[in-house]
1. Say whether the condition of being at pLDDT 80 or above, open to solvent by less than 80 Å² (accessible area, probe 1.4 Å), within 20 Å of G12 (Cα to Cα) and in a loop (DSSP other than H, G, I, E, B) is met by at least one residue in segment 96-103.
2. Tell me, which residue of segment 63-93 that is open to solvent by less than 80 Å² (accessible area, probe 1.4 Å) and in a loop (DSSP other than H, G, I, E, B) is modelled with the lowest pLDDT?
3. Being surrounded by 13 or more Cβ atoms within 10 Å (Cβ to Cβ) and either modelled with pLDDT of 50 or more or under 15 Å from the mean Cα position of the chain (by Cα) (or both) is the filter here, so list the residues in segment 28-40 that pass it.
4. How many of the residues making up segment 1-24 are open to solvent by less than 30 Å² (accessible area, probe 1.4 Å) and either among the charged types (D, E, K, R) or not in a loop (DSSP other than H, G, I, E, B) (or both)?
Amino acid sequence: GRVTFTVQRIGGRQGAITVSYRAVPENVSDVAVAATPGANASMGEFVVATGDLSWEDGDATVREFSVGITDDLSYIQGRVKRAFRTELHSPGGGAGLEDGRWAR
């Protein structure tokens, strides 16, 4: 399966902007596996995802990114479940991020 996240540009449409995203393990012991730049490495229950979203001048349409997750009960039964969080970071083109804008 997949979980899809939406990102919306707010506060104006002027200027081209970018923002990076990542879905990373919630458990600190899993972070080393996810540390490979540009990786979409499997963490078992989900796939670590990284990428960039961009908007051209005048564009305020919603952008999406997806994180692959397993829905195979035979795989996850009896295993420690891993949680992940998504983060927006590194805004460019004069964009900013509001504090606390992440999801689990």
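The values are calculated or read from the model by the stated rules, or taken from the named source; none is laboratory data. The shown structure was predicted, so the numbers you read here are calculated from the model rather than taken from an experiment. Every residue, glycine among them, receives a Cβ derived from its backbone with ideal geometry; neighbour counts consider all protein chains shown. To get the accessible areas, we keep the full protein, side chains included, count just its heavy atoms, and leave off ligands, DNA and RNA. Shrake-Rupley method; radii C 1.70, N 1.55, O 1.52, S 1.80 Å.
1. yes
2. Kept after step one, since they are open to solvent by less than 80 Å² (accessible area, probe 1.4 Å), are these residues of segment 63-93: 63, 65-70, 72, 75-76, 83-93.
Next, from what is left, pick out any that are in a loop (DSSP other than H, G, I, E, B): 70, 72, 83, 93.
Numbers: T70: 66, D72: 56, A83: 74, G93: 93.
Going through the qualifying residues, I end up with D72.
3. Initial filter on segment 28-40 (surrounded by 13 or more Cβ atoms within 10 Å (Cβ to Cβ)): 30, 33-34, 39-40.
Answer for segment 28-40, where residues must be surrounded by 13 or more Cβ atoms within 10 Å (Cβ to Cβ) and either modelled with pLDDT of 50 or more or under 15 Å from the mean Cα position of the chain (by Cα) (or both): A34, A39, N40.
4. Number satisfying all stated conditions: 7.
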